[in-house]
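What follows is a short report on a single structure.
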Amino acid sequence: MTKTFAHILVPYNGTTGSENAFRKAISLASSIHAKITVLTCLEERPTFGFFKTKTSKQEFEKECRLVEKQHLKLKKFAKEHDISCDSRIIKNGLASTRILEFAKQHKIDLIITTRTKLSSHIEKQHYHSTVENMFRNSPCPILIL
């Protein structure tokens, strides 16, 4: 008998929603003996205009260290529940594209994420959410909480 969802991906950005997605992944992985990968997309932003400076590089490295600390807490929580958990930080252009590329490259079986609310009708019309972009192009099932 083969596992339906052997590898679960949780895009993680430190919000309450991504925390909830991680906890749901822990619960599911516990019952089906799956592996979890936590993925955070960070963008290296220039501080002054269009140019990357030493300051922008330092800010990016600082942000990476903060995310690594969050990932360590998640891994510890997973270990307490006897779940195999890995984590990655990737530089992104468009988060949804990078998440889907990762899912394809690493043969992810399920993505668990949450939907954030766009505040206005105009935002909904002109700015597609990361979740919506992933949903339209995903190589695997997505569980949206």
Worksheet item: Summing Lys, Arg as +1 and Asp, Glu as -1, what charge do residues with Cβ under 11 Å from the Cβ of ALA78 carry, ALA78 excluded?
Response: +3
Worksheet item: How many nm separate the modelled label positions at LEU145 and ASN20, each set 7 Å beyond the Cα in the direction of the Cβ?
Response: 0.7
Practice prompt. Please give the FRET efficiency for LYS62 paired with GLU132, using the beta carbon to beta carbon distance and R0 = 30 Å, rounded to the nearest 0.05.
Written response: 0.45
Worksheet item: Taking LYS76 as the anchor, which aspartates and glutamates have their alpha carbon closer than 16 Å to its alpha carbon, excluding any fewer than eight residues away along the same chain?
Response: GLU19, GLU68, ASP86
Worksheet item: Using the alpha carbon gyration tensor of the range 52-91, what are the three equivalent-ellipsoid semi-axes (square root of 5 times each eigenvalue), largest first, in whole Å?
Response: 28, 9, 4
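Quick note: the coordinates plus some simple rules give every number you see, no bench work behind them. Please read these numbers as outputs of a predicted model, since none were measured by experiment. A quick note on method: Cβ atoms are made from the backbone with ideal geometry, for glycine too, and the neighbour counts reach across all protein chains shown.
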